[in-house]
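Just below is one structure, and these are the notes that go with it.
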Amino acid sequence: MKIISDVLELKTYLKEQKGKVGFVPTMGALHDGHLSLIKRAKEESEFVIVSIFVNPTQFLAGEDFDKYPSRDEADKKICEVAGVDLLFLPQIEDIYGRDEVSLSAPNIRGYVLEGATRPGHFSGVLTVVNKLFNIVNPDLAYFGKKDAQQLNLITLMVKQLFMDITIVPVDTVRESDGLALSSRNIYLSKDERVEALKISKSLHEASILVSKNILEAELIMEKMLEILQPLDVGYVAILDREFNFIKSVEIGKSVILVEALVGDTRLLDNIWI
Ligand code: PAF
């Protein structure tokens, strides 16, 4: 596996590669969720690139940028074993200059849900993903459905900026008890991990209600909020796939999302119905 940190070196190296390039952008602390993205990329492309870059512009003041889990050597091993062809490991100076051209998240979709409590977060995400796309120039790029709003906004960016990149959404990977995998799960104490299960349980309950043809969003959210007690819930929301709030679930066209604080750890999860 080739490891490159320098942008120009990467671009020069990529000029010599043939075939479809599949790209998995990450912030490291890789887990089985990332592995499923890499596996899918390997199935669909000839050359697989993973980037690891903890992007400062998507963290707000007071968030966990400084203590974001970093496991450089373990991450390299995971990529190597998974058959990644190239690992891009830039430093902040490789990606950002002093006086930056900025890219803003859309005023509505970028500032609801996650964007309401973390204003500016998605501008940071879109800025770095745009930069990474320009550096790597992938044919396909892989993102987890767990970060549904991020996935939605990146898909929108690719469409609105006329980029020739196919965004591939990949299913959330869960522990056997239902907890969605996240790099932030390592912050959870034993008791918090038990509490965190309320998130996937509430989504499971929502899917049961839908299977019983109970489709009214308000009723489903009420039931979910009961299960989520006493967690500090950021939001429970039922949206269509374009991220508009809806009154009633439409099977095959909806997504149900939860964000909750467990101890000091903010966790996200959702199901696509
Ligand atoms: O989902 C992530 O890990 C990050 O938000 C991403 C897409 C790599 C951008 O920094």
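The values are calculated or read from the model by the stated rules, or taken from the named source; none is laboratory data. Everything numeric in this text was worked out from a predicted model, so none of it was measured. We place every Cβ from the backbone using ideal geometry, glycine too, and count neighbours over all the protein chains shown.
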Fill in the blank from the handout: Here the qualifying pairs (Cβ atoms under 6 Å; residues six or more apart or on different chains; first in region 130-149 and within 14 Å of GLN17 (Cβ to Cβ); second within 12 Å of the ligand (Cβ to nearest atom) and modelled with pLDDT of 95 or more) come out as VAL136/PHE23; PRO138/PHE23
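Kindly establish whether LEU87 is on the phi < 0 side of the Ramachandran plot and assigned to a strand (DSSP E or B). Don't jump to the end; show me each part of the working.
On the way: on the phi < 0 side of the Ramachandran plot: yes; assigned to a strand (DSSP E or B): yes.
Yes, satisfied.
Quick one: in region 13-32, which of the residues that are within 21 Å of VAL170 (Cα to Cα) and in a loop (DSSP other than H, G, I, E, B) is nearest to the ligand (Cβ to nearest atom)?
First, the residues of region 13-32 that are within 21 Å of VAL170 (Cα to Cα): 20-32.
Subsequent filtering for residues that are in a loop (DSSP other than H, G, I, E, B) retains 20, 27-31.
Working: LYS20: 20, MET27: 4, GLY28: 8, ALA29: 9, LEU30: 10, HIS31: 11 Å.
Residue satisfying both the conditions and the ranking: MET27.
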Exercise for the section: Could you check how many residues of region 188-213 are surrounded by 14 or more Cβ atoms within 10 Å (Cβ to Cβ) and either at pLDDT below 95 or of a type in the set (Val, Ile, Thr) (or both)? Expected result: 2
Practice task
Please note which helices (runs of 4 or more DSSP H) are completely contained in region 106-220 and include at least 1 residues that are away from the ligand (no atom under 16 Å from the Cβ).
Solution key: 114-117, 148-160, 190-211
Practice task
Could you run through region 194-219 and say how many residues are in contact (Cβ under 8 Å) with a residue 12 or more places away in the chain and over 23 Å from the mean Cα position of the chain (by Cα)?
Solution key: 7
Fill in the blank from the handout: Expected single match for in a helix (DSSP H, G or I) and away from the ligand (no atom under 15 Å from the Cβ) among LEU10, LEU35 is LEU10
Exercise for the section: Could you tell me which residue of region 68-97 is nearest to ASP264 (Cα to Cα), considering only residues that are within 16 Å of the ligand (Cβ to nearest atom) and loosely packed, with under 13 Cβ neighbours inside 10 Å? Expected result: ASP72
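Restricting to region 38-64, and then to whatever is of a type in the set (A, V, I, L, M) and near the ligand (Cβ under 9 Å from one of its atoms), can you tell me which residue is nearest to ASP164 (Cα to Cα)? Explain how you work it out, then say what you get.
Just the residues of region 38-64 that are of a type in the set (A, V, I, L, M), to begin with: 38, 41, 48-50, 52, 54, 60-61.
From what is left, the residues that are near the ligand (Cβ under 9 Å from one of its atoms) are 52, 54.
On the way: ILE52: 22, VAL54: 25 Å.
In this case the residue turns out to be ILE52.
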Exercise for the section: Looking at (1) within 16 Å of the ligand (Cβ to nearest atom); (2) under 19 Å from LEU132 (Cα atoms), find the lone condition where ILE3 falls short. Expected result: (1)
Exercise for the section: Confirm whether PHE59 is touching a residue at least 40 places away in the same chain (Cβ under 8 Å), out of contact with any Cys (no Cβ under 6 Å at 6 or more places or on another chain) and surrounded by 13 or more Cβ atoms within 10 Å (Cβ to Cβ). Expected result: yes
Practice task
Read through the list (1) at pLDDT 95 or above; (2) under 24 Å from LEU126 (Cβ atoms), then give the number of the only condition that ARG184 fails.
Solution key: (1)
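Of all residues in region 59-69, which are farther than 27 Å from GLY178 by Cβ and not acidic (Asp, Glu)?
Step one: filter region 59-69 for residues farther than 27 Å from GLY178 by Cβ, giving 59-62, 65-66.
Correct list: PHE59, LEU60, ALA61, GLY62, PHE65.
Given the options PHE47, PHE53, PHE59, name the one that is aromatic (Phe, Trp, Tyr), under 20 Å from ARG266 (Cβ atoms) and modelled with pLDDT of 95 or more.
Numbers: PHE47 fails: under 20 Å from ARG266 (Cβ atoms); PHE53 fails: under 20 Å from ARG266 (Cβ atoms).
Unique residue meeting the criteria: PHE59.
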